[in-house]
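The values are calculated or read from the model by the stated rules, or taken from the named source; none is laboratory data. Remember, predicted model here, so these are calculated numbers, not experimental data. Cβ placement follows ideal geometry from the backbone for every residue including glycine, while neighbour counts extend to all protein chains displayed. Note: areas computed on protein heavy atoms with side chains; ligands, DNA, RNA excluded. Shrake-Rupley method; radii C 1.70, N 1.55, O 1.52, S 1.80 Å.
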Amino acid sequence: MSALDRATALELYRVMRTIRQFEARAVQLFGENKIWGTIHSYAGQEGVAVGVCAHLRDDDWITSTHRGHGHCIAKGADVGRMFAELLGRETGYCRGRGGSMHIADTSKGNLGANGIVGGGIPIATGAALTATYTGSDRVAVSFFGDGGANQGTLHESMNLAAIWKLPVLFVCENNQYAETNPVKDAFAVEDISLRAAGYGMPGVRVNGQDVRETYRVAADAVARARSGLGPTFIVAETYRYEGHYYGDPQVYRTKDEIEDWRAKRDPLVIARTWLTTDRLASEADLARVDREVDAEIEKGVAFAEAGEPASPIRLPEDVYAG
Amino acid sequence: MRRDGGVVVIGEDVAEGGPYGATRDLVAEFGDRRVIDTPISEAAVTGVAVGAALSGWRPVVEIMFIDFITLALDQLVNHAAKARYMSGGQLRVPLVLRTQGGAGVRSGAQHSQSLEAWLAHVPGLAVVMPATPADAAGLLRAAIRADDPVVVVENKALYYEKGEVADGALVPIGAAVTRRDGRDVTVVATSRLVGEALAAADELAAEGVSVEVIDPRTINPLDRETILRSVSRTTRLVVAHEAATIGGFGAEVAAMVAEEAIDRLAAPIVRVGAPFTPVPASPVLEDAYLVGRREIADAVRRVLRW
């Protein structure tokens, strides 16, 4: 693997930090009753979205999940418009019609987060079909969890992508739990990436907590897709710090387990360590990035809170064209 | 497809023409990149079509029998229908889902259903049901040009009908047509039952009864005005479809007329539809199950007796 240059390395850290702070602030706003319904925090999984999306252009597509804030940010979304969507504002990405689970950003190729587990997988596959048929080198990435990996759509889509050699990455974020269901109860194999062999595509298992690893694996998979060699199945081992949703009582796992992941496998701590050890960034650089991220987040929240609330008069708009 | 290079056909056996030959010869003209045969994977194939639509194409995905739409409903209902709305108008899904339903070919309960009412209940979808060859072509053309998902529900019994088809004609979505003018009773009939209603009208004409037959052609969005105008004049309404009466599209028409024009009605509305059973396979049972000309004529006589 070619070494990461300083700018790229620091940018990976910056985007991970943005996601972490976005989620922290979203939870806070939820606690203030400014966000309704439910939110699914991506905190802990930052290394996956950031390592993969770093290789994508604005005209590449992603499909995301109910736990989609991280993918949105990694694909270049504006945090102000994201907060505005969470707060139900007209200025949000979806004019308050989507909410936390449905943020889409067509300007960055984000075809949408998704409330149906596994729902985005064939959609990304379809976008990859478009890339092939238009003769472009665009690629599509579908993010889903270990839960999504057990939906039929993944199996059907992996097969279609393999027989048609589509430029798509199936990125399974194994965060160890599908809602409350631990992976050991949901898979008879310990390594989910073994499934790829059954469809005739490469399967790669990667440590999702080290963004260098996801970045390296995704580089190969994206290059493979862009050059017409077809899909790749990536399984990133990761962990979510919050429950399935914010407020989940989490009776299915122990506090010790959560603390263990936070202490030993936190993607931001890991990144800070190698950034400084490899002299890619100084403590001062990291502190500066943290401050800049905090400022961006606060600016985003201010933008959101200043936005016009979605109006009931406009309820029927956007159901059909025109 | 000649007009717009972005139109692709995708589905099981579409290159071979499908079980009723609906896509026959397309592959010869447009090639296998625009007429895409797929494995039997309705959920993913429909999802792929949604993804293709979201990324700029106009896919026409075929679900071979409407019975199989259960496998694709998530993609149709939760994704295609809602993408525009959930994204605040950023996304659009110019998708056509072609399928066919209906009984009469002794194929049993999983190849004969009429499930259109499910789909008409979903905001974001349009649902059309052509009853003539001209409408089959014209509605499909309009559906392909629409910027929202449109479900085209054909009836397999009608594949053997012949009729004039004007080259390039568009039949607008959401526009009903009066198939026969009449004074005494309005019959709103869909798909195969349009022809049955016209046959019933001929039969009743011999009895001195003048029947108006309206074919909604699109069941959502419904052309309410054409129906209300007719009923206001005839004061009597029969609604007929092949699907089960309970929870069927006819219930929506009846409710709409009751809400908007009950003061114009001289008799209760009568619905004609299938009994509440799965579609049976045996010819004797299936013939007993299917409604048609006779049931429509009886219904008209009932509303006239009131």
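Only residues that are of a type in the set (A, V, I, L, M, F, W, C) and more than 30 Å from A:Glu317 (Cβ to Cβ): list them for segment B:136-176, please.
Filtering segment B:136-176 for residues of a type in the set (A, V, I, L, M, F, W, C) gives B:136-137, B:139-140, B:142-144, B:146, B:150-153, B:157-158, B:165-166, B:169-171, B:173, B:175-176.
Listed by number, the residues that qualify are B:Ala136, B:Ala137, B:Ala157, B:Leu158, B:Val165, B:Ala166, B:Ala169.
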Inter-residue pairs, beta-carbon under 7 Å, first within 9 Å of chain B (Cβ to nearest Cβ) and closer than 14 Å to B:Leu91 by Cβ and in segment A:307-322, second open to solvent by 70 Å² or more (accessible area, probe 1.4 Å) and not hydroxyl-bearing (Ser, Thr, Tyr), 6+ apart: A:Val319/B:Pro123; A:Ala321/B:Arg92
Subset of segment B:96-143 that is over 25 Å from B:Ala157 (Cα atoms) and either open to solvent by less than 10 Å² (accessible area, probe 1.4 Å) or among the hydrophobic types (A, V, I, L, M, F, W, C) (or both) - its residue that is farthest from the other protein chains (Cβ to nearest Cβ): B:Val122
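In segment A:1-43, what residues are surrounded by fewer than 15 Cβ atoms within 10 Å (Cβ to Cβ), charged (D, E, K, R) and assigned to a helix (DSSP H, G or I)?
Going residue by residue through segment A:1-43, those that are surrounded by fewer than 15 Cβ atoms within 10 Å (Cβ to Cβ) are A:1-3, A:5-8, A:24, A:28, A:31-33, A:36-37.
Then keep just the ones that are charged (D, E, K, R); that gives A:5-6, A:32.
Across segment A:1-43, the qualifying residue is only A:Arg6.
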Search result, residues across segment B:196-233 that are without any contact (Cβ under 8 Å) to a residue 12 or more places away in the chain and not acidic (Asp, Glu): B:Ala205, B:Ala206, B:Gly208, B:Arg229
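Here is a check on your reading of the model: is A:Val206 among the hydrophobic types (A, V, I, L, M, F, W, C), farther than 23 Å from A:Leu160 by Cβ, part of a strand (DSSP E or B) and modelled with pLDDT of 95 or more?
Values: among the hydrophobic types (A, V, I, L, M, F, W, C): yes; farther than 23 Å from A:Leu160 by Cβ: yes; part of a strand (DSSP E or B): yes; modelled with pLDDT of 95 or more: yes.
Judged against the criteria, A:Val206 is a match.
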Number of positions in segment A:286-322 that are under 23 Å from A:Gly44 (Cα atoms) and either of a type in the set (A, V, I, L, M, F, W, C) or crowded, with 19+ Cβ neighbours inside 10 Å (or both): 8
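Would you check which residues across segment A:258-285 are charged (D, E, K, R), open to solvent by 80 Å² or more (accessible area, probe 1.4 Å) and farther than 20 Å from A:Gln21 by Cβ and list them?
Taking segment A:258-285 as the starting set, the residues that turn out to be charged (D, E, K, R) are A:259-260, A:262, A:264-266, A:272, A:278-279, A:283, A:285.
Cutting the leftovers down to open to solvent by 80 Å² or more (accessible area, probe 1.4 Å) gives us A:259, A:262, A:264-265, A:278-279, A:283.
Residues satisfying the conditions are A:Glu259, A:Lys264, A:Asp278, A:Arg279.
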Extreme residue, most open to solvent (accessible area, probe 1.4 Å), among residues of segment B:54-93 that are more than 7 Å from chain A (Cβ to nearest Cβ), touching a Gly at 6+ places or on another chain (Cβ under 6 Å) and outside any loop (DSSP other than H, G, I, E, B): B:Arg58
Residue tally, condition crowded, with 24+ Cβ neighbours inside 10 Å and either part of a loop (DSSP other than H, G, I, E, B) or facing chain B (nearest Cβ under 8 Å) (or both), over segment A:142-168: 6
Residue in segment A:209-225 that is open to solvent by less than 60 Å² (accessible area, probe 1.4 Å) and basic (Lys, Arg) present: no
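Quick check on my filter: what residues within segment A:44-73 are of a type in the set (A, V, I, L, M, F, W, C), part of a loop (DSSP other than H, G, I, E, B) and either at pLDDT below 95 or open to solvent by less than 10 Å² (accessible area, probe 1.4 Å) (or both)?
Step one: of segment A:44-73, the residues of a type in the set (A, V, I, L, M, F, W, C) are A:48-50, A:52-54, A:56, A:61-62, A:72-73.
From what's left, part of a loop (DSSP other than H, G, I, E, B): A:54, A:56.
If the condition is that a residue be of a type in the set (A, V, I, L, M, F, W, C), part of a loop (DSSP other than H, G, I, E, B) and either at pLDDT below 95 or open to solvent by less than 10 Å² (accessible area, probe 1.4 Å) (or both), then no residue fits.
For segment B:289-297, state whether one or more residues are touching a Lys or Arg at 6+ places or on another chain (Cβ under 6 Å), outside the structural domain of B:Leu125 (by TED's automatic domain parsing) and crowded, with 16+ Cβ neighbours inside 10 Å. Spell out how you get there, then give the answer.
Pass one, segment B:289-297, residues touching a Lys or Arg at 6+ places or on another chain (Cβ under 6 Å): none.
So far as segment B:289-297 goes, no, none of its residues is touching a Lys or Arg at 6+ places or on another chain (Cβ under 6 Å), outside the structural domain of B:Leu125 (by TED's automatic domain parsing) and crowded, with 16+ Cβ neighbours inside 10 Å.
Of these, A:Val206, A:Val171, A:Val139, which one is in contact with a Lys or Arg (Cβ under 9 Å, 6 or more places away or on another chain), surrounded by 19 or more Cβ atoms within 10 Å (Cβ to Cβ) and under 20 Å from A:Gln45 (Cβ atoms)? Spell out the reasoning first.
Values: A:Val171 fails: in contact with a Lys or Arg (Cβ under 9 Å, 6 or more places away or on another chain); A:Val139 fails: under 20 Å from A:Gln45 (Cβ atoms).
Exactly one of A:Val206, A:Val171, A:Val139 is in contact with a Lys or Arg (Cβ under 9 Å, 6 or more places away or on another chain), surrounded by 19 or more Cβ atoms within 10 Å (Cβ to Cβ) and under 20 Å from A:Gln45 (Cβ atoms), namely A:Val206.
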